[in-house]
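Engineer: Got a structure here, written out as structure tokens. Questions coming.
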């Protein structure tokens, strides 16, 4: 397992969540730096903390430094240049988990769309920096190459969106079929790793993978059950997490739509969660 230094907020919930994300992505957190503010302009952290981080990194020699906040491309570049280590921000970390957990064709497309949108923002920033002449050849990519890369991302996004639109239409046909048959639809919703899949398995007799790790479920699974001699459908859905970027939620729009069409939504809460 690769070693990681984690930089996160000085709050117990934030620390636990960030550490859980690291572990879900396959990183062993060997050191944690806690700060009240992680949005300094140049590095996200102060120069004093940067120097401290450099000393710790030289001693521990981690494979990656995880920054529990959204970093601008320039901040990521500045940190990587100073520390000579791979820098992974919160969004990049979540996307790594998504990629490793996606199993269905639709969830893989959704993850790909989220990844492309993540890259799109960074491509725009690279173009902006190159045009301003602030960092020519930013991250080793010249202006012309960045423009080509930017256009390539847009093209690939359109291709993925078309495939997701087709999958969404198929999902809509399934919903209409269930409605015609008069099934009551129930959706399990809640924070990731709250126990939705465990409840789903207990209710349906299924053996879907259940884990305390975050984002074990990335696609909706629906099964038929009987309640008081009446047939119903219950769905296990994608879990939520704090500070999930809007574009990631939008990428999973077709999956999350199942909640809006449900007759009953059961909010699953982990009783041990302090929130």
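Engineer: Would a scan of region 99-109 turn up a residue that is in contact (Cβ under 8 Å) with a residue 12 or more places away in the chain, assigned to a loop (DSSP other than H, G, I, E, B) and touching a helix residue (DSSP H, G or I) at 6+ places or on another chain (Cβ under 6 Å)?
Structural biologist: Yes, region 99-109 contains a residue that is in contact (Cβ under 8 Å) with a residue 12 or more places away in the chain, assigned to a loop (DSSP other than H, G, I, E, B) and touching a helix residue (DSSP H, G or I) at 6+ places or on another chain (Cβ under 6 Å).
Engineer: Suppose we filter region 39-52 for residues that are touching a strand residue (DSSP E or B) at 6+ places or on another chain (Cβ under 7 Å) and either over 17 Å from residue 85 (Cβ atoms) or without any contact (Cβ under 8 Å) to a residue 12 or more places away in the chain (or both); how many remain? Full working, then the answer.
Structural biologist: Going residue by residue through region 39-52, those that are touching a strand residue (DSSP E or B) at 6+ places or on another chain (Cβ under 7 Å) are 44-46, 49.
Now restrict to residues that are either over 17 Å from residue 85 (Cβ atoms) or without any contact (Cβ under 8 Å) to a residue 12 or more places away in the chain (or both): 46.
Here the count works out to 1.
Engineer: For residue 21, only one of the following conditions fails: (1) assigned to a helix (DSSP H, G or I); (2) over 28 Å from residue 123 (Cα atoms); (3) in contact with a helix residue (DSSP H, G or I) (Cβ under 6 Å, 6 or more places away or on another chain). What is its number?
Structural biologist: Of (1) assigned to a helix (DSSP H, G or I); (2) over 28 Å from residue 123 (Cα atoms); (3) in contact with a helix residue (DSSP H, G or I) (Cβ under 6 Å, 6 or more places away or on another chain), only one is false for residue 21: (2).
Engineer: Here's another thing I want to ask about it. Are any residues in region 54-68 in contact with a helix residue (DSSP H, G or I) (Cβ under 6 Å, 6 or more places away or on another chain) and crowded, with 20+ Cβ neighbours inside 10 Å, and if so, which ones?
Structural biologist: 66, 68
Engineer: Starting from residues that are in a loop (DSSP other than H, G, I, E, B) and in contact with a strand residue (DSSP E or B) (Cβ under 6 Å, 6 or more places away or on another chain), keep the ones in region 71-94 and report whichever is nearest to residue 125 (Cα to Cα).
Structural biologist: Step one: filter region 71-94 for residues in a loop (DSSP other than H, G, I, E, B), giving 71-72, 84-85.
If we keep only those that are in contact with a strand residue (DSSP E or B) (Cβ under 6 Å, 6 or more places away or on another chain) as well, we get 71, 85.
On the way: 71: 12, 85: 21 Å.
Only one residue fits best here, namely 71.
Engineer: Go through region 154-210 and report how many residues are more than 22 Å from the chain's Cα centre (by Cα) and over 29 Å from residue 18 (Cβ atoms).
Structural biologist: Summing the residues that are more than 22 Å from the chain's Cα centre (by Cα) and over 29 Å from residue 18 (Cβ atoms) in region 154-210 gives 26.
Engineer: Same structure again: Only one residue in 139, 120 is under 17 Å from the mean Cα position of the chain (by Cα), more than 26 Å from residue 213 (Cα to Cα), part of a helix (DSSP H, G or I) and modelled with pLDDT under 95. Which one?
Structural biologist: 120
Engineer: For region 245-268, which positions are in a loop (DSSP other than H, G, I, E, B) and either under 21 Å from the mean Cα position of the chain (by Cα) or buried (at least 18 other Cβ atoms within 10 Å of the Cβ) (or both)?
Structural biologist: Here is the first cut: in region 245-268, the ones in a loop (DSSP other than H, G, I, E, B) are 245, 252, 261-263.
Listed by number, the residues that qualify are 245, 252, 262.
The values are calculated or read from the model by the stated rules, or taken from the named source; none is laboratory data. This one's a predicted model, so the numbers in the text were calculated from it and none came from an experiment. Neighbour counts run over all protein chains shown; Cβ positions are idealised from the backbone, glycine included.
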